[in-house]
Structure formats: C-alpha cells, structure tokens
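Colleague: Dropping a structure here in structure tokens format, bear with me for questions.
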Amino acid sequence: MSKPLTYTDDTELWLAFKRGELQAFEQIYRNHFSMLLSYGKRISSDVEMVEDAIQDVYVELWKRRENLKSLHTIKFYLFRVLRNRLYNLRQSDLLVTQEDVDFPEDRLSDYFSPAIEANLIEEESTSLQNARLKQAIGELPARQREAVLLAFYDDFSTDEIAGIMGINQQSVNNHLNRAYASLRKHLTDSIILLAFLFLN
C-alpha cells in the first residue's frame, strides 16, 4: 500500500520527516514557507535576505532531522529558528515599520462577529478600521509589536511567543498589556474591542 501523499497531523508529519521521508519534508516546506516569509519581512525589509535565511533554515532542518526532538508544532519550531537566524544576521537593524508589516486585511476581518459589527461606528468601514489598527500596531515599540503580531496574526500562545522571542512568559504578558494600553489611548472603542479580542 502506498504512503499518503499528504499528512494531516503535525505529529505524524514530523515523525515522517525525521525518518527522512522526502515528501514529508516537501509538505513542511509548502505548508510554512509563505508564513515564514511574512514573519521574516516583519523583522527585516531585506526580502532577499529573508528568503535566503528561510532556505538556510530548511537546509539545516533537513541536515539535523535525525537529532531533532519532538515538538508540539512545526510552525513554532520554524518561527523560532528563523527569528534567531535573522537577528544573528542583522542584530542592530530593526527595520520593521507599519509599512513593512505584512498584515492582510482579510486576517483582521476574521475577528469581526455579527454581534461586534452591530456595535461598530456605522460611518467607519472595515477597511478604515483595519488601516487604523495597522497604523497603531506599527507605531508600537518593536518588542510589543512583535508580541502582538505573533499573538494575533500568527495565533501563537503566550508560552510559544516566549519561546520564539527568547523571553519568559511574564515578559510576553507585559509586552501585550502595554501594547493594549497604548492602543486604547489612540483608538476608538470599536477598535479597542477588536484589539481586546486578540490580546486576551
């Protein structure tokens, strides 16, 4: 019986990859490349460097596959390794601005339920709200912005964010709480409500 063309479970996929199954490695590459690129562009505006770093991460991943430990998510592992690589390449160059953030509007709209929409200010369109929220997030200090985007855009838990950023969980909570306080000062109640959804 032939092996499945696609693994639907991260654990099964990871184990197959560790066994050296090329199709499992290819699936990891396909499943995560675009997310890694979006994340890398939030760390550096040098897209070519980011793409090279991602390729290096995958090459290193394949070389070290037999010695890698089990993990809860492949995405978490790849984000952490890419972040470390990019910061090592360019430690003093934090180029992320609100223009650099790859933050699709349809991702924001995922967090609007009918009940929330009913309470939004009628004259503000969703696109305007998205633009204002993106601008406000872009103006946060770098560490707060990174924690917010990892929590909201990338759906990581505070524990996972701590692992990716190399800080403890309390520091993550502090960054998120300070970011929320800053957003609350600059945005209308309707946007604050949206921010509250992803900070809690």
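The values are calculated or read from the model by the stated rules, or taken from the named source; none is laboratory data. Since the structure is predicted, the reported quantities are computational estimates derived from the model, not experimental observations. When we count neighbours, we look across all protein chains shown, and the Cβ atoms used for this are built from the backbone with ideal geometry, even at glycine.
Colleague: Would you please list the contacts, defined by Cβ atoms under 7 Å and residues six or more apart or on different chains, that run from a residue in the range 4-24 that is closer than 13 Å to Leu61 by Cβ to a residue that is surrounded by 11 or more Cβ atoms within 10 Å (Cβ to Cβ) and small (Gly, Ala, Ser)?
Modeller: Once the first residue is closer than 13 Å to Leu61 by Cβ and sits in the range 4-24, its partners that are surrounded by 11 or more Cβ atoms within 10 Å (Cβ to Cβ) and small (Gly, Ala, Ser) give Leu13/Ala24; Phe17/Ala24; Ala24/Ala16.
Colleague: Also, I was wondering about something else. Based on what the data block shows, is Tyr39 touching a residue at least 24 places away in the same chain (Cβ under 8 Å) and touching a helix residue (DSSP H, G or I) at 6+ places or on another chain (Cβ under 9 Å)? I'd like the intermediate steps shown before the answer.
Modeller: On the way: touching a residue at least 24 places away in the same chain (Cβ under 8 Å): yes; touching a helix residue (DSSP H, G or I) at 6+ places or on another chain (Cβ under 9 Å): yes.
Judged against the criteria, Tyr39 is a match.
Colleague: Out of the residues in the range 148-190 that are among the aromatic types (Phe, Trp, Tyr) and assigned to a helix (DSSP H, G or I), which is modelled with the lowest pLDDT? Let's see the steps before the verdict.
Modeller: Keep residues of the range 148-190 that are among the aromatic types (Phe, Trp, Tyr), which gives 152-153, 156, 180.
Of the ones still in play, those that are also assigned to a helix (DSSP H, G or I) are 152, 180.
Numbers: Phe152: 81, Tyr180: 85.
Result: Phe152.
Colleague: Within the range 60-86, take every residue that is of a type outside the set (A, V, I, L, M, F, W, C) and modelled with pLDDT under 85 and give me the one that is nearest to Pro141 (Cα to Cα). Step through it out loud before you land on a result.
Modeller: Here is the first cut: in the range 60-86, the residues of a type outside the set (A, V, I, L, M, F, W, C) are 60, 63-67, 69-70, 72-73, 75, 77, 80, 83-85.
With modelled with pLDDT under 85 added as a condition, the list becomes 66-67, 69-70, 72-73.
Numbers: Glu66: 39, Asn67: 37, Lys69: 34, Ser70: 34, His72: 29, Thr73: 28 Å.
If we take residues in the range 60-86 being of a type outside the set (A, V, I, L, M, F, W, C) and modelled with pLDDT under 85, then Thr73 is nearest to Pro141 (Cα to Cα).
Colleague: A further question follows. Exactly one of (1) under 29 Å from Met49 (Cβ atoms); (2) modelled with pLDDT under 75; (3) surrounded by fewer than 18 Cβ atoms within 10 Å (Cβ to Cβ) is unmet by Leu108. Its number?
Modeller: (3)
Colleague: Also: Starting from the range 46-68, take each residue that is assigned by TED's automatic domain parsing to the domain that holds Gln27 and list its partners that are of a type in the set (Val, Ile, Thr), counting only C-beta distances under 9 angstrom and pairs at least six apart or across chains.
Modeller: Val50/Ile43; Val57/Val81; Tyr58/Ile28; Glu60/Val81; Leu61/Ile28; Leu61/Val81
Colleague: Is it the case that Asp10 is surrounded by 14 or more Cβ atoms within 10 Å (Cβ to Cβ), more than 27 Å from Ala131 (Cβ to Cβ), modelled with pLDDT of 90 or more and of a type in the set (D, E, K, R)?
Modeller: No.
Colleague: Within the range 129-136, can one find any residue that is under 17 Å from the mean Cα position of the chain (by Cα) and at pLDDT below 90? Talk me through it step by step, then tell me what you get.
Modeller: Let us first name the residues in the range 129-136 that are under 17 Å from the mean Cα position of the chain (by Cα), namely 133-134.
With the extra rule that they be at pLDDT below 90, the set shrinks to 133-134.
So far as the range 129-136 goes, yes, one or more of its residues are under 17 Å from the mean Cα position of the chain (by Cα) and at pLDDT below 90.
Colleague: Check the range 51-72 and report whether any residue there is over 19 Å from Glu21 (Cβ atoms), outside any helix (DSSP H, G or I) and within 18 Å of the chain's Cα centre (by Cα).
Modeller: Yes, the conditions are met somewhere in the range 51-72.
Colleague: Output the residue which, of all residues in the range 131-145 that are of a type in the set (A, V, I, L, M) and in a helix (DSSP H, G or I), is nearest to Ser44 (Cα to Cα). Please lay out each step first, then the result.
Modeller: The initial filter retains those residues of the range 131-145 that are of a type in the set (A, V, I, L, M), namely 131, 133, 136-137, 140, 142.
Checking which are in a helix (DSSP H, G or I) leaves us with 131, 133, 136-137, 142.
Values: Ala131: 21, Leu133: 21, Ala136: 19, Ile137: 17, Ala142: 12 Å.
So, considering only residues that are of a type in the set (A, V, I, L, M) and in a helix (DSSP H, G or I), the one nearest to Ser44 (Cα to Cα) is Ala142.
Colleague: Kindly establish whether Ala24 is farther than 26 Å from Tyr153 by Cβ and buried (at least 17 other Cβ atoms within 10 Å of the Cβ).
Modeller: Working: farther than 26 Å from Tyr153 by Cβ: yes; buried (at least 17 other Cβ atoms within 10 Å of the Cβ): yes.
Here the answer is yes, as Ala24 does meet what is asked.
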